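Note sheet for the following structure.
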Amino acid sequence: MSMVARGTFDVNVAPGEAELSGAVKRFELTKSFYGDLVGTGKGVMLSGGDPQMGTAGYVAIEVVRGSLTSHEGSFALQQFATMHAGVQNLHYEVVPGSGEGELTGISGTLQLTIDEQGIHHYELDYDL
């Protein structure tokens, strides 16, 4: 049975050392989740392209630890995003086999929206 978790999160993105002679930028992610998912996320993002010109892409893996509607454990999220002419396409998916603790066997996708005040909202459609 599919379930939906909703809430907000804060994110901090810190630059790391570039890869491939500077062609690929590296960033460290830290997040705090609130709502139906309460916990923290830590991850690594690799990006390329020119975001200032509206053309870029990134991939990231983050591990989320905490409580999802009273189930304690962790799981990984995989992110894939592209930007063409300033229009973003973002896809988040729970990494198969990444669930641990009471979140073992989790699968699903996450939708991200940012409201006018800059607050990040998530909607996690998942099966457990």
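The values are calculated or read from the model by the stated rules, or taken from the named source; none is laboratory data. For clarity, every value in this text was computed on a predicted model and none was experimentally measured. When we count neighbours, we look across all protein chains shown, and the Cβ atoms used for this are built from the backbone with ideal geometry, even at glycine.
The sole residue among 86, 66 that is at pLDDT 95 or above and on the phi > 0 side of the Ramachandran plot is 66. One residue stands out in the stretch 98-128 among those that are part of a loop (DSSP other than H, G, I, E, B) and acidic (Asp, Glu): the one that is surrounded by the fewest Cβ atoms within 10 Å (Cβ to Cβ), namely 116. Looking at the structure I just gave you, is residue 36 of a type in the set (Asp, Glu), touching a residue at least 12 places away in the same chain (Cβ under 8 Å) and under 19 Å from residue 100 (Cβ atoms)? Criteria met by residue 36. So is residue 33 in contact with a strand residue (DSSP E or B) (Cβ under 8 Å, 6 or more places away or on another chain), aromatic (Phe, Trp, Tyr) and over 19 Å from residue 126 (Cα atoms) or not? In short, no.
Inspect all residues belonging to the stretch 16-25 and state whether any of them is under 28 Å from residue 108 (Cβ atoms) and acidic (Asp, Glu). No; the residues of the stretch 16-25 include none that is under 28 Å from residue 108 (Cβ atoms) and acidic (Asp, Glu). Suppose the filter is surrounded by 15 or more Cβ atoms within 10 Å (Cβ to Cβ) and within 23 Å of residue 5 (Cα to Cα); does residue 90 pass it? Answer is no for this residue.
For the stretch 74-97, a residue qualifies if it is in a loop (DSSP other than H, G, I, E, B) and free of Cβ contacts under 8 Å to residues at least 24 places away in the same chain, and the qualifying residues are 96, 97.
Looking across the stretch 13-72 at every residue that is of a type in the set (Asp, Glu) and in a loop (DSSP other than H, G, I, E, B), the one that is surrounded by the fewest Cβ atoms within 10 Å (Cβ to Cβ) is identified as 17.
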